[in-house]
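The numbers here are math on the coordinates, done by the rules we state, and not lab data. Not measured: the values here are computed from a predicted model. Cβ coordinates were reconstructed from backbone atoms using ideal geometry, including for glycine residues, and neighbour counts include every protein chain displayed.
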Amino acid sequence: MSLSFPRPYKGVFPVVPTTFNEQGGLDLESQKRCIDFMIDAGSTGLCILANFSEQFVLGDDERAVLTRTILEHVAGRVPVIVTTTHYSTQICAERSRMAQELGAAMVMVMPPYHGATLRVGEAGIFEFYARLSDAIDIPIMIQDAPMSGTPLPAPFLARMAKEIEQVRYFKIETAGAASKLRELIALGGDAIEGPWDGEEAITLLADLDAGATGAMTGGAYPDGIRKIVDAFAAGDRETAVAEYGRWLPLINYENRQGGILTAKALMLAGGVIACDLPRHPFPTMNPHVRAGLLDAAKRLDPLVLRWAR
């Protein structure tokens, strides 16, 4: 299955949360409603099976079910990025080929790591992404995030962009993201098709100033993030600054307080999904955090709180 979307991919591509029922099983009906809401709320595209999708609690069979179910339900309305991270080059390539066959527009992959101590050096990382590129015909986004514990200097990222065919997009979530984006763009030139912001948009304005053209955020309020990104893309930085200031309390609450469960908590409050529980042993959201999150959200009237009403 091959879908064609205009490139380069730009705009707001939020992470889709994975919805479970109270017994811990996949809730595919809530999952579909979640997708419909996120598209209605203005998502330029979507990303599935990321860390904010709780990918670390999913079995391989469930990943396959979710990939197929979500891509079939999206039905070409927006491009979908599928996260296919795995320590094994072979397994990552197999996941990525399946995602491509089902209609993914791109795959997002962290450098190979496992646990707190298993890391790979630059030569191995380069070969990992080169073999992955040889296995697929769609772009690869390298996710540069602290979770991997793997330093990825801007010169190394730029080299991979220039020398590995499908490595074209970079989600930068490390400290000093704006400075790294600026350096990456300067070093990589046209090979950097997509310099992207991440980490729930907490550094979005600085990253846009540095040249970021995409934002991968939490999934609950793409309508709010669009106000910032669209204004900036139109050359209206003053409006972008004002909107960033308006939405920053909620962005901050997601980034620093609610974390991975934020999108589902807001979607449950708005009736989009039936249950916002994670899978054990991931902790449930503290009721005080939930109250603060809802207070921050209600002041902004995001679509998530009224889409299902």
Would region 34-48 turn up any residue that is within 24 Å of residue 119 (Cβ to Cβ) and of a type outside the set (Asp, Glu)?
no
Restricting attention to region 114-133, which residues are loosely packed, with under 15 Cβ neighbours inside 10 Å and either assigned to a loop (DSSP other than H, G, I, E, B) or free of Cβ contacts under 8 Å to residues at least 24 places away in the same chain (or both)?
115, 116, 117, 121, 123, 124
Positions within region 134-160 being within 20 Å of the chain's Cα centre (by Cα), crowded, with 17+ Cβ neighbours inside 10 Å and either part of a helix (DSSP H, G or I) or of a type in the set (D, E, K, R) (or both), in sequence order:
144, 148, 157
Got a sec? Which strands (runs of 3 or more DSSP E) wholly within region 1-113 have at least 2 residues that are in contact with a helix residue (DSSP H, G or I) (Cβ under 7 Å, 6 or more places away or on another chain) and small (Gly, Ala, Ser)?
none
Which condition number in (1) surrounded by 22 or more Cβ atoms within 10 Å (Cβ to Cβ); (2) over 14 Å from the mean Cα position of the chain (by Cα); (3) without any contact (Cβ under 8 Å) to a residue 40 or more places away in the chain is the one that residue 49 fails?
(2)
Looking only at region 277-309, how many residues end up being of a type outside the set (Phe, Trp, Tyr) and touching a residue at least 40 places away in the same chain (Cβ under 8 Å)?
13
I'd like to check something: does region 165-177 contain any residue that is among the charged types (D, E, K, R), closer than 18 Å to residue 127 by Cα and outside any helix (DSSP H, G or I)?
yes
